[in-house]
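> Input: one structure, supplied below.
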Amino acid sequence: GLAAPADPLEAAKKLNDENRKCVECHFKPGMDVNKVYDWAKSKHAGAGIGCTVCHERLEGAKPDQALGQYMPAVSPNKCGMCHRGQAEQFKKSKHARTWEMQTDVVRDPWLKGMNSDIERATGCYQCHGSDLSSGKFTIENWPNKGIGRKNPDGSAGSCAACHTSHRFSIA
């Protein structure tokens, strides 16, 4: 059988107050508790790495702000703070350039017929990525973990496209 999941509230005891509050809030009914369980079972939780290491506070956000306080999109630059080699390797890959590949409609006859933003958001963007460079999230560009996503910090990509957000499986 499957092993029982780690207790997120127990795992959160290793964290500072700010990160512990993240876990406590996101572990309530109505929230996506599966992400919290995934984090609790991860090596990051075991090492005491909390939410704010990856999800930085948004510019101008107040500490007591409930929603919109942290950046939901985590860029390869953030992952590269600890996983430098992997981030550098990713930057050189075709995966990091899939945004440019899909938006070059002049040279790609397959994309010429996709004129609708909704068509692209529900089709291309889910795998290739959307443009979050403005830092504004809309129904056309978010949620998105596309592998070539353009991030607000200027980087391209989403490590979570393959490494399942919060579980961070290397498989």
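> Kindly provide the set of residues from region 123-169 that are free of Cβ contacts under 8 Å to residues at least 12 places away in the same chain and over 14 Å from A87 (Cα atoms), ordered by number.
G123, K136, T138, S169
> What number of residues within region 12-35 are in a helix (DSSP H, G or I) and of a type in the set (A, V, I, L, M, F, W, C)?
5
> Something else: Would a scan of region 26-34 turn up a residue that is open to solvent by 50 Å² or more (accessible area, probe 1.4 Å), over 21 Å from the mean Cα position of the chain (by Cα) and of a type in the set (A, V, I, L, M)?
For region 26-34, residues open to solvent by 50 Å² or more (accessible area, probe 1.4 Å), over 21 Å from the mean Cα position of the chain (by Cα) and of a type in the set (A, V, I, L, M): absent.
> Could you list, in sequence order, all residues of region 122-142 that are open to solvent by 60 Å² or more (accessible area, probe 1.4 Å) and modelled with pLDDT of 85 or more?
Answer for region 122-142, where residues must be open to solvent by 60 Å² or more (accessible area, probe 1.4 Å) and modelled with pLDDT of 85 or more: just S134.
The values are calculated or read from the model by the stated rules, or taken from the named source; none is laboratory data. What you see is a predicted model; the values in this text were computed from it and never measured. Glycine gets a Cβ as well: all are built from the backbone with ideal geometry, and neighbour counts include every protein chain shown. To get the accessible areas, we keep the full protein, side chains included, count just its heavy atoms, and leave off ligands, DNA and RNA. Shrake-Rupley method; radii C 1.70, N 1.55, O 1.52, S 1.80 Å.
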